[in-house]
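Below: one structure, written as structure tokens.
Bear in mind these aren't lab numbers, they're just calculated from the coordinates by the rules spelled out. These numbers were taken from a predicted model, which means no experiment stands behind them. When we count neighbours, we look across all protein chains shown, and the Cβ atoms used for this are built from the backbone with ideal geometry, even at glycine.
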Amino acid sequence: MTDRLKSLFLKYREQIAYLFFGGVTTLVNIASYALLSRAGLSTGVANAIAWVLSVLVAYVTNRRWVFDSHSRGAAAAKELTSFVACRLGTGLLDEAIMVLGVDRLGPAVAPNHMALWGLGVKVFSNILVIVLNYVFSKLFIFRKKEK
């Protein structure tokens, strides 16, 4: 049994690590958004700050523990630039979902439960963003170079 589990873990190590650190990044994103919005910041500002914090966590964990990147110099700079550009794209998608879902749709759908509604929209948005970020990271940012 343990050999089978070890084999499965080794086979899917990258996906397991991405899910784990994606969960950590998502918790950073949601917790910082919740704290900042509770502190009185607008949806857009709280979400933008939460995005910056989560992108920093995601880059460090993805580079080191998920995709095991060892690039240096210009290659590392290109990797970081690509990472931020892709995250900016999904960050803009997240921002649009949050502003439309919370500020525009929320008052009509859940006027008495806006905090809960906002967190629900945030979770939905994060699921979509996580999937897109994995695809972009795997295909464009941290792809293994053929030898």
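Values as computed for the structure displayed
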{"read-out": "Helix 2-11 vs. the chain, principal-axis angle (Cα, 0 to 90°, nearest 10)", "value": "80"}
{"read-out": "Residue order, fewest to most surrounding Cβ atoms within 10 angstrom, among Phe67, Phe140", "value": "Phe140, Phe67"}
{"read-out": "Of [x] -0.32; [y] -0.46; [z] -0.40, the label for log10 I(q)/I(0) by the Debye sum over Cα atoms at q = 0.10 Å⁻¹ derived from the coordinates", "value": "[z]"}
{"read-out": "Note, ³J(HN,Hα) from phi for the range 57-67, Karplus 6.51, -1.76, 1.60, rounded to Hz, x at Gly and Pro", "value": "5, 5, 4, 4, 6, 5, 4, 7, 9, 9, 9"}
{"read-out": "Summed side-chain charge close to Asn62 - residues other than Asn62 whose Cβ falls under 13 Å, Lys, Arg +1, Asp, Glu -1", "value": "+2"}
{"read-out": "Distance from the range 57-74 to the range 105-147 (C-alpha centre basis), Å", "value": "21"}
{"read-out": "Sorted by Cβ neighbour density within 10 Å, fewest at the top, the residues Trp117, Trp65", "value": "Trp65, Trp117"}
{"read-out": "Degrees separating the helix 114-136 axis from the principal Cα axis of the chain, which is the longest one", "value": "20"}
{"read-out": "Ranked list, fewest to most other Cβ atoms within 10 Å of each Cβ, for Val99, Val45", "value": "Val45, Val99"}
{"read-out": "Number of Lys pairs (Cα under 20 Å; 8 or more positions apart or on different chains) in the chain", "value": "8"}
